[in-house]
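All remarks here apply to the structure that follows.
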Amino acid sequence: MSSLELNPFQKRVMLLPEEADAFLGGGRGGGKSYALALLALRHAEQYGQAARVLYLRRSYKGLADFELVTREIFGKVYGTAARYNGGEHVWRFPNGGYMELGQLESHTDYTKYQGRTFTLLLIDEAGQYPDPSLLDILRSNLRGPKEVPIRAVFAANPGGVGHYWLAKRYVFKSAPWTPFSEEKSGRPWIYAPSTFTLNHFIDRQQYAEQLRSSCPDDPELLRAWTQGDWTIARGAYFASVLDEANNAIDPWQAVPRGWTTYLAHDFGSSAPSVTYIFAQSPGGEGPEGRFYPRDSLVLIDELATCKPDRQNDGLGWTVPILAEEIVAMCKRWQVEARGVADDAIFARTGHRDGSIADEFARCGVHFRPAKKADRLTGWSIMRRLLADAGKPDVPGLYISRSCEYFWSTVPYLARDQKRVEDVDSNGPDHGADAVRYGCLRRDDRVKRVSISGW
């Protein structure tokens, strides 16, 4: 270990107590992956043949860079005495220690690790996981002799699809570098932030220029990557247009006379179903006395069928059960159970009962397809309405604080890194999709009214 040079962040990580799990959660370029390799090396050195380390990424492609890091570090320390099997992605150390580089994307992939024992679990780019369910299951693989402390260490940058759950669990629980008790695991954790500005092993000026050029139209994402900023949803798709002060309203008790109402629905079974009641302003006041310009939209209520703290997992409800709950929600508001939904539910798959939309109709919920448009057009309309909320002379989009699923998912949705104008669909985008359908319906109606006015 003496032959290795560490940056200040890596030195501090190595001083953290082994009895505590750690979240390395800073910006890009801080040296987090190198720190993970150092932790694996020290663990193997300390505990010899009892050390069993598992390093995971969401895809095999992501392992390539880390494999190079381990070859560099372990080569300096052991020379050729440490052996790497490229086919199995396994390091075997001279003292009997073992390290496996693996991939975990789905619950099917977990079968590769089920029943196996590891003493140190390293998860790199944890922000690529839209929810923590897979990583929670992995904790069952952490076990070992009494003299070997078991430990999990996650590393992630802000702004990914897992931004929300990582920030909620590890970032805002305590001050950086200070242990806190994490309720899900029942373990002590430490949040260890880093930034590239302290990493003297890279050309920091050049790296800063590359980061700026990679997101020229997204200052929030740039701030997340350069400063390691996890506050609110830096780098999120709607960060520049969604503002609680402008878009959030207190819950209504009734729909004002003269307002148009309709449903917007995104269907799911294993994934959540999300249904919103939209109220469209004729150009008048809401129940709280606030003026809403003509054609403004207000999300007054929602029905989201997700598991607690698992925004991407549905409850598996059948259409009759879901329809019954939608009808009940509409009765509470004294509105009709009809509106728009994703085109997919209108597909006839050859079943004698027809489409999912037909089944809804038999249960008293009537949907028609949302306006034909590509995703980017829908997002553009939704973003414009969000940005215009609070302006006195143009319509905006407003959301009741009672719409919990919206507020726990939409502000944190990440951009698709391959198509930055789109939302990353790996995240819990079901509520956003439903809102998009509702915004398309409103935009279509406004255009049709304008045309008839000519």
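Could you list, in sequence order, the residues of the stretch 392-411 that are in contact with a helix residue (DSSP H, G or I) (Cβ under 9 Å, 6 or more places away or on another chain) and either over 14 Å from Phe278 (Cβ atoms) or not assigned by TED's automatic domain parsing to the domain that holds Glu285 (or both)?
The first filter runs over the stretch 392-411 and keeps only residues in contact with a helix residue (DSSP H, G or I) (Cβ under 9 Å, 6 or more places away or on another chain), leaving 394-401, 403, 405-411.
Within the stretch 392-411, Val394, Arg401, Tyr405, Trp407, Ser408, Thr409, Val410, Pro411 meet the criteria.
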Top-ranked residue of the stretch 68-120 - restricted to ones that are touching a His at 6+ places or on another chain (Cβ under 9 Å) and among the polar types (S, T, N, Q), ranked as surrounded by the fewest Cβ atoms within 10 Å (Cβ to Cβ): Gln103
For the stretch 258-377, please list each of the strands (runs of 3 or more DSSP E) lying entirely inside it that holds at least 3 residues being more than 18 Å from Cys403 (Cβ to Cβ). 366-369
Could you list, ordered by first residue, the pairs with Cβ atoms under 8 Å in which the first is in the stretch 260-280 and among the charged types (D, E, K, R) and the second is assigned to a loop (DSSP other than H, G, I, E, B), at least 6 apart or interchain? Asp266/Ser273; Asp266/Asp342
When the stretch 287-329 is examined, which residues are found to be under 15 Å from His366 (Cβ atoms) and touching a residue at least 60 places away in the same chain (Cβ under 8 Å)? Ile326
Give me the pairs, please: first residue somewhere in the stretch 73-87 and farther than 16 Å from Gly48 by Cα, second residue anywhere and in a helix (DSSP H, G or I) and among the hydrophobic types (A, V, I, L, M, F, W, C), beta-carbon distance under 8 Å, and either six or more positions apart or on two chains. Ile73/Ala37; Ile73/Leu38; Ile73/Leu41; Tyr84/Phe74
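Is it the case that Ala279 is of a type outside the set (Ser, Thr, Tyr), in contact with a helix residue (DSSP H, G or I) (Cβ under 6 Å, 6 or more places away or on another chain) and outside the structural domain of Trp165 (by TED's automatic domain parsing)?
Here the answer is no, as Ala279 does not meet what is asked.
Which of the residues that make up the stretch 70-114 are at positive phi and either outside the structural domain of Pro130 (by TED's automatic domain parsing) or under 30 Å from the mean Cα position of the chain (by Cα) (or both)? Don't jump to the end; show me each part of the working.
Let us first name the residues in the stretch 70-114 that are at positive phi, namely 79, 89, 96.
Selection gives His89 alone.
Asp124: crowded, with 21+ Cβ neighbours inside 10 Å and within 21 Å of the chain's Cα centre (by Cα), yes or no?
Working: crowded, with 21+ Cβ neighbours inside 10 Å: yes; within 21 Å of the chain's Cα centre (by Cα): yes.
When the stated conditions are applied, Asp124 passes them.
Yes/no per residue for (1) touching a residue at least 12 places away in the same chain (Cβ under 8 Å); (2) crowded, with 23+ Cβ neighbours inside 10 Å:
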residue	(1), (2)
Ala361	no, no
Arg368	yes, no
Leu376	yes, no
Ile399	yes, yes
Tyr405	yes, no
Val410	yes, yes
Pro428	yes, yes
Tyr437	yes, yes
Please indicate, with yes or no, whether at least one residue in the stretch 330-342 is aromatic (Phe, Trp, Tyr), within 18 Å of Gly364 (Cα to Cα) and out of contact with any Ser or Thr (no Cβ under 7 Å at 6 or more places or on another chain). yes
What are the pairs, 6+ residues apart or on separate chains, where a residue within the stretch 108-126 that is closer than 17 Å to Glu18 by Cβ has its Cβ under 9 Å from a residue that is exposed (fewer than 12 other Cβ atoms within 10 Å of the Cβ)? Thr119/Pro145
What do you reckon, is Arg151 among the basic types (Lys, Arg), assigned by TED's automatic domain parsing to the domain that holds Lys61, buried (at least 17 other Cβ atoms within 10 Å of the Cβ) and more than 30 Å from Val420 (Cα to Cα)? yes
Exactly one condition in (1) touching a Lys or Arg at 6+ places or on another chain (Cβ under 9 Å); (2) not in a loop (DSSP other than H, G, I, E, B) is false for Gly144; which is it? (2)
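The values are calculated or read from the model by the stated rules, or taken from the named source; none is laboratory data. In this text, all values refer to a predicted model and were calculated from it rather than measured experimentally. Cβ: placed from backbone, ideal geometry, glycine included. Neighbour counts: every protein chain shown.
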